[in-house]
Amino acid sequence: MQRLFGTNGVRGVSNEDMSPELALKLGKAIGTFFQGNIIIATDTRTSNEMLKNAVIAGLISTGCNVFDAKIAPSPALQYYVKNSDADAGVIITASHNPPEFNGIKVIDKDGVELSRNKEKEIEKIYFNEKFVRVAWNELGKVYDVDILDFYIEGILSLINEDEIRKKNFKVVLDCCNGAACFTMPYLVSQVAKVITLNAQPDGNFPGRQPEPTPESIRELMKAVKEFDADLGVAYDGDADRAIFVDENGNFVYGDKSLAIMAGFKVEKKRGKVVTPVSTSSCVEEYVKAKGGEIVYTKVGAPIVARKMLEINAVFGGEENGGLIFPEHQFCRDGGMATMAMLELLAIKNKKLSELVEKVPKYYLIKTKVKCNNKKEVMEKLKEKIDAKKFDFTDGIKAFFDNGWVLIRPSGTEPIIRIYAEGKSQKDAEKIAEKYKKMVEKVAK
Ligand code: MG
């Protein structure tokens, strides 16, 4: 069976892999599968109208009604799908990928990204071309829908606004010229003074690359210092991820903000925190010290979200700035993460740098090895690696006295990924080097 969906929906270069033909056919497959009311939204990419209109044409040919939410963050669409009687949602976005990319992601009725099983059903319809085709007088209709206020109000209803307002915070928001432009300045200005960067929607992403990294958000780090702000926040293209900058203009890595937020949540309500096996041990150590428990999953935000639902977790997230607040919804949400971080800073009455200082320090190195026979290589590695303890949740995670290594085959590419974490940079380098060599040797 051919595969269409990767770890983050269907993705590729606009008007090459992500062609209007593909979008039309996928729209027909999604419509055939759901047969109902579908909400659709896009981020700001230059190909958003082309792909959205092709998907809509496909959907209405199967009799589905479509509600067009225009440009909106992924979590805003997911929140609307979850809280309305829609049967599904479709987002046209390539999230943090460079501007030439775009993608199509399908959201289930509960607001969570579609499970792999349902994706397989849609792939089957797509490749077998067994589409529903309704008569001319049964074609679906297209309506406009405004989902942004509903999303903003939903977040505000969960946040102690007064507590934040008392602090007179100054916040710099880097909206990445993406979907965040349509919500974040409005949301944060309800409770704090806001300065924006890259807040004009532009699919060429002239301000910076959509992925928030220490290199790409240098302007934000500078602005936080220059404006003497309390916090900086950077979003990716569809605003489901938020990366923070402390009051000194320092980049706060996503594992640190995940640890801080998870610790705060378990202090309030003891329980389980869900995160993928690739997450730094700093999260587990910090959460355990606050009386919480960590549950590990395979890598992938929808997998984390579905696990949280299953075990009634109090919090969850990934090391890339994707935080999941179950009281709000079961998906990553950059807007909720921002407001929750402001609330946390207000209640704790601490600077972000002081909180980061308390998180245990670990060093993570990510690398990869080309490999065409992943399955075979992984089997051989299992026999070869000698460790104190193993975890086989996703690939092989082997624990040593000075750190751990995670070796996992990519779901979509002919590569094996290696994550090495150590208690010092040197330890991490040593582990990464040793296991990269081992994988390369076995993969030969
Ligand atoms: Mg994203």
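The values are calculated or read from the model by the stated rules, or taken from the named source; none is laboratory data. Fair warning: this is a prediction, and the values are worked out from it, not measured in the lab. Neighbour counts are summed over all protein chains in view; Cβ atoms, including those assigned to glycine, are modelled from backbone coordinates with ideal geometry.
Couple of notes before you dig in:
- Selected residue (only one of 244, 227 is of a type in the set (Phe, Trp, Tyr) and buried (at least 16 other Cβ atoms within 10 Å of the Cβ)): 244
- Check on residue 129, of a type in the set (D, E, K, R) and at positive phi: yes
- Close Cβ contacts (under 9 Å, 6 or more residues apart or on different chains) running from residues in the stretch 54-65 that are under 14 Å from residue 41 (Cα atoms) to residues that are of a type in the set (Asp, Glu) comprise 54/21; 56/68.
- In the condition set (1) within 16 Å of the ligand (Cβ to nearest atom); (2) over 15 Å from the mean Cα position of the chain (by Cα), residue 207 is compliant with all but (1).
- Annotation note: Cβ proximity below 6 Å between a residue of the stretch 324-341 that is polar (S, T, N, Q) and a residue that is within 16 Å of the ligand (Cβ to nearest atom) and assigned to a loop (DSSP other than H, G, I, E, B) (sequence gap 6+ or interchain) occurs for 329/111.
- From the list 337, 313, the one residue that fits, being assigned to a helix (DSSP H, G or I) and not aromatic (Phe, Trp, Tyr), is 337.
- Of all residues in the stretch 229-249, those satisfying the criterion of being of a type outside the set (A, V, I, L, M, F, W, C), in contact (Cβ under 8 Å) with a residue 60 or more places away in the chain and in a loop (DSSP other than H, G, I, E, B) are 230, 236, 237, 238, 240, 241, 246, 247, 248.
- In the stretch 1-115, counting only strands (runs of 3 or more DSSP E) that sit wholly within it, the ones holding 1 or more residues that are closer than 19 Å to residue 139 by Cβ and out of contact with any Lys or Arg (no Cβ under 6 Å at 6 or more places or on another chain) span 37-42, 65-71, 88-92.
- So residue 388, is it at pLDDT 95 or above and touching a strand residue (DSSP E or B) at 6+ places or on another chain (Cβ under 7 Å): no
- Some residue of the stretch 293-302 being without any contact (Cβ under 8 Å) to a residue 12 or more places away in the chain and assigned to a helix (DSSP H, G or I): no
- Selection status of residue 171, assigned to a strand (DSSP E or B) and under 30 Å from residue 344 (Cα atoms): yes
- Residues located in the stretch 245-282, provided they are within 16 Å of the ligand (Cβ to nearest atom) and touching a helix residue (DSSP H, G or I) at 6+ places or on another chain (Cβ under 9 Å): 257, 258, 276
- Qualifying residues in the stretch 100-122 (those that are away from the ligand (no atom under 14 Å from the Cβ) and crowded, with 20+ Cβ neighbours inside 10 Å) - the one nearest to the chain's Cα centre (by Cα): 112
- The C-beta contact set for the stretch 1-25 (first residue in the same structural domain as residue 130 (by TED's automatic domain parsing), second residue more than 16 Å from the ligand (Cβ to nearest atom) and aromatic (Phe, Trp, Tyr), distance under 6 angstrom, 6+ apart or interchain) is empty.
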